Amino acid sequence: MTSNYKQISPELARHIRLVMADVDGTLTDEDGSESPSACEAVRQLEQCGITVGFVSGRHLSNLEALAQQLDISGPIIAENGGVAKLKPDSEILNLGYSREPALKELNRIKQLFPGAIREREDNAERLVDVVFFINGIAHKVVQEQLRDIQYYDSGYVLHLMERGISKGRTLLRLLNEIGYQGLSSTDTVVIGDSPTDISLFELFPYSVLIPNPRLTNEQRQAVQRVARYTSDLHCGDGFTEVANYIATLRDC
Ligand SMILES: [Mg+2]
């Protein structure tokens, strides 16, 4: 059960050292464009002494460009946990994940449903997951044919990825295995809007759900079940109000 973000205590707000933000539906407006107020709120958090990182389904070079634009200093986790860097200008970490299972399943469903599976243009840039759209048949029909693979619907595009990879697990590996800045999950706030963020909400005690009107009722219920806090406003406006609230509690 989620609480309103105003239940975030002053103690928690002062304790936070890392905010990991999803991008689409979290730092964007409802039309998908970057939210100017959310971008400003990211800068404000960094000025308040909180390291900000991204944890998104976007591919790495897209997130690197956004990181540079917003001047964030934290980790970048791309492809829903498949690819990660500790800082925008550092090397890609070797997490041991493979793209083979996703490519194999993509090719299999293309053969099963000729003409219905359309790869998105940015697949060529991806290292671990594959992104595609389904045309003309119910998603469920395709989903039922998938074997031994993870399937995500971000609300924007569909993803296939090797089992066991998730945003939450990769962020936890950065903290626990790699020892990112000596931080633990309780120093971290994770913020997201969709089912691709459920692993973050489950593995991190301080999570904020930003409501996204694109979600189905079923998806909305699934994310609400696991998030700790929720904003009142949608998308980038929701992120902005939460970040502003945290900044106010920190007197900065
Ligand atoms: Mg999202």
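The values are calculated or read from the model by the stated rules, or taken from the named source; none is laboratory data. Fair warning: this is a prediction, and the values are worked out from it, not measured in the lab. All Cβ positions, glycine included, derive from the backbone under ideal geometry; neighbour counts span all protein chains shown. We work out accessible area using only protein heavy atoms, side chains counted, and drop any ligands, DNA or RNA first. Shrake-Rupley method; radii C 1.70, N 1.55, O 1.52, S 1.80 Å.
Remarks
- Residues (part of a loop (DSSP other than H, G, I, E, B) and closer than 19 Å to H159 by Cβ) located in region 172-206: D193, S194
- Listed by first and then second residue, the pairs linking a residue in region 30-59 that is touching a residue at least 40 places away in the same chain (Cβ under 8 Å) and of a type in the set (A, V, I, L, M) to a residue that is open to solvent by 10 Å² or more (accessible area, probe 1.4 Å) and in a helix (DSSP H, G or I), with Cβ atoms under 7 Å apart and 6 or more places separating them unless they lie on different chains, are A38/T240; A41/T240; A41/N244.
- Any hit, region 115-136, residues being open to solvent by 40 Å² or more (accessible area, probe 1.4 Å), closer than 19 Å to T216 by Cα and in a helix (DSSP H, G or I): no
- For region 152-183, a residue qualifies if it is open to solvent by 40 Å² or more (accessible area, probe 1.4 Å) and either of a type in the set (S, T, N, Q) or within 16 Å of the ligand (Cβ to nearest atom) (or both), and the qualifying residues are D153, Y156, N176, Q181.
- Only one of the listed residues (A247, A222) is more than 16 Å from the chain's Cα centre (by Cα) and part of a helix (DSSP H, G or I). That residue is A247.
- Restricted to strands (runs of 3 or more DSSP E) entirely inside region 1-89, those with at least 3 residues that are open to solvent by less than 10 Å² (accessible area, probe 1.4 Å) are 18-21, 51-55, 76-78.
- Within region 137-151, the set of residues being surrounded by 13 or more Cβ atoms within 10 Å (Cβ to Cβ) and out of contact with any helix residue (DSSP H, G or I) (no Cβ under 9 Å at 6 or more places or on another chain) comprises just one member, Q143.
- With respect to the conditions (1) under 12 Å from the mean Cα position of the chain (by Cα); (2) not in a helix (DSSP H, G or I), L233 lacks only one, and its number is (1).
- Qualifying residue in region 234-248 (condition: at pLDDT 95 or above, under 16 Å from Y152 (Cα atoms) and in contact with a strand residue (DSSP E or B) (Cβ under 9 Å, 6 or more places away or on another chain)): no
- The residues in region 95-114 that are among the aliphatic types (A, V, I, L, M), part of a loop (DSSP other than H, G, I, E, B) and in contact with an Asp or Glu (Cβ under 8 Å, 6 or more places away or on another chain) can be counted, and the count is 0.
- Restricting V190, V131 to those that are within 16 Å of the ligand (Cβ to nearest atom), of a type in the set (A, V, I, L, M) and not assigned by TED's automatic domain parsing to the domain that holds N80 reduces the list to V131.
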